[in-house]
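Here the structure is laid out as structure tokens; the discussion comes afterwards.
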Amino acid sequence: MRSVVDANAWSDEDKENARRLSALDRIRARVESRPDVYAGITTNGTADVTIHVVKGRQSGAETDALRHEAGLEKIAAKVVLTERSTADLKKVMAAIPDNDVLMARLSSYGIDPANNRVDVGVTELTAEVESAARAEFGDAVALRVEQPFTAVSGRFEDSSPFYGGIRYGNQRIGACTHGFSVTNAHGTRYALTAGHCGFVGETYAAMTYSGGSDGVGEGYTNFGTMQFQRFGGGGVDAGLIGGLDYGGRMWAHSNLYDNGGYSLPVHGVSYSCQGCRVILNGSFSGLQTGFLNGPGERCITYNGGLNCGQQIVSPTASGTLCQPGDSGGPVFAYDGQGGVIAVGIIAAGNGTNCTYTPVQTLLNIWTSRITTG
């Protein structure tokens with residue numbers, strides 16, 4: 001049995017949030033297309049947006065058009081003038097990996113549009129680190145202490161076409177989680193997951209809760225082979241597993257080990273926004289609700305690699321957002337129309353917060369589209 005409806009996916013609130021997320025995506029795209037004029041956008045949930053514009057470079061007609069776009073979905077919009085553009089801040093970002101003192105204690109870094117600088121999290125804030133940062137970047141960076149991140153590399157009884165949220169693995173990696181199905185320009189479907197979960201050419205099995213060789217499900221249903229993979233080097237943490245079929249639905253039961261067929265269709269894909277609610281769906285932690293925290297996309301060090309384009313999620317209540325084995329799992333939002341919006345795939349955690357890589361970013365890289373159900 002594979003068709004079931006979650007009442008949460010039909011709420012008017014989630015339907016309104018889905019429309020606002022689409023509007024914010026359009027605003028974000030227009031702002032990002034002018035990196036010398038704008039310094040990004042900031043949000044506090046989906047009800048308001050602040051557009052940061054470099055002094056002397058703004059066009060009244062252009063900012064009025066952005067306000068109008070927001071107003072169509074009843075999003076309050078305001079414009080704030082700033083000194084540095086996105087292009088200026090990206091130059092600072094590009095120089096950070098070459099600063100050996102900072103990199104030795106780096107946890108993460110990313111552009112902070114609200115404060116018009118690059119926010120840098122370090123594992124230890126020493127006089128040497130402060131001096132190195134000030135000497136090279138002046139007040140274009142802000143330092144703070146941050147707990148280091150580690151990869152979160154683990155429903156069961158699934159078969160082709162596999163749905164998002166299942167646990168897969170082999171004896172080498174242990175376990176990870178399948179995020180969403182994507183379809184490339186040639187119509188081939190792949191399972192989207194975290195890149196640190198494997199290597200190109202490595203094969204995996206879809207796993208049951210227990211059993212198999214060494215308790216990791218080796219020998220159960222073949223899940224496919226890693227065909228494309230990226231990790232470290234300042235790129236993204238993502239991989240595509242192929243060779244079988246991967247469906248446009250996601251397992252969504254709050255009880256991880258109930259194989260009764262509780263799944264929801266994937267209806268689309270979107271970026272999220274600061275302060276917005278997202279749900280993480282790792283195959284060990286299950287459904288966990290959090291909200292986007294921090295200024296925006298960040299570069300984060302873990303598992304010996306520097307991985308960029310990630311968002312940080314903080315918990316809305318006590319509990320575990322993600323843990324080892326959840327890597328690659330779905331991050332989503334309900335769309336209010338009986339389905340879900342693909343937002344990201346789980347990457348790393350530090351005991352409190354978790355990170356994910358946006359699905360839309362990965363679709364752009366691999367010239368693909370989200371598989372819908």
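Miscellaneous remarks
- Given a 1.4 Å probe and the protein chains as shown, Arg144 ends up with an accessible area of around 80 Å².
- Straight-distance crosslink candidates among aspartates and glutamates, where the alpha carbon sits under 13 Å from Lys90 and sequence neighbours closer than 8 are dropped: Glu32, Asp36, Asp112, Asp119, Glu297
- Net +/- balance of residues flanking Phe228 in space, Cβ distance below 14 Å, scoring K and R +1, D and E -1: 0
- Cα shape, region 326-373, gyration tensor, a/c 1.5 rule: oblate
- Rounded if a/c under 1.5, otherwise prolate or oblate - region 86-211, Cα gyration tensor axes: prolate
- With DNA, RNA and ligands ignored, accessible area of Glu130 (1.4 Å probe; Å², nearest 10): 80
- ³J(HN,Hα) computed for each position of region 335-350 - Karplus, 6.51 cos²θ - 1.76 cosθ + 1.60, integer Hz, glycine/proline x: 9, x, 10, x, x, 10, 9, 6, 10, x, 10, 5, 10, 8, x, 10
- In this structure the amide hydrogen of Tyr204, modeled in the peptide plane, comes within under 5 Å of the amide hydrogens of Phe223, Gly224, none closer than 5 places in sequence on its chain.
- Lysines whose Cα lies under 30 Å from that of Lys15, excluding same-chain neighbours fewer than 8 positions away: Lys74, Lys78
- Set of lysines with alpha-carbon distance to Lys91 below 21 Å, sequence-local pairs under 8 removed: Lys55
- Over the chain, accessible surface divided per residue gives 39 Å², non-protein components excluded, 1.4 Å probe.
- Distance in nm between pseudo-label sites at Ala317 and Ser22 (7 Å out along the Cβ direction from Cα): 3.0
- Computed on region 1-126, with alpha-carbon pairs under 8 angstrom and 6+ residues apart, the relative contact order is 21 percent.
- Residues listed by number, region 170-185, amide nitrogen under 17 Å from Asp245 label point at 7 Å toward C-beta: 181-184
- Packing-based order for 319-330, 106-117, using average beta carbon neighbours within 10 Å, highest first: 319-330, 106-117
- Amide H contacts of Phe180 (H built 1.01 Å from N, under 5 Å, at least 5 apart or other chain): Leu192
- Using only the C-alpha atoms, the convex hull of region 254-359 corresponds to 98 Å³ per residue.
- Contour minus Cα-Cα distance for Gln227 and Thr188 (0.36 nm per residue): 12.8 nm
- Using C-alpha pairs below 8 Å separated by at least 6 residues, the relative contact order for region 71-145 is 27 percent.
- HN-Hα J in Hz across region 283-296 - Karplus 6.51, -1.76, 1.60, θ = phi - 60°, x for Gly and Pro: 7, 10, 8, x, 6, 9, 9, x, 9, 5, 10, x, x, x
- Accessible surface of the chain, 1.4 Å probe: 47 percent of it comes from carbon and sulfur atoms.
- Expressed as a fraction of 2.2 N^0.38 Å, the C-alpha radius of gyration for region 26-151 is 1.20.
- Shape of region 106-156, Cα gyration tensor, a/c cut at 1.5: oblate
- Sites Asp139 and Trp366, calculated FRET efficiency, Cβ-Cβ separation with R0 35 Å, nearest 0.05: 0.40
- Relative contact order (percent, whole number), region 260-373, Cα cutoff 8 Å, 6+ residue spacing: 30
The values are calculated or read from the model by the stated rules, or taken from the named source; none is laboratory data. Predicted, not measured: the structure shown is a model, and the values here were computed from it. Every residue, glycine as well, gets a Cβ built from its backbone with ideal geometry; the counts of neighbours run over all protein chains shown. Calculation scope for accessible area: heavy atoms of the full protein, side chains included, ligands and nucleic acids excluded. Shrake-Rupley method; radii C 1.70, N 1.55, O 1.52, S 1.80 Å.
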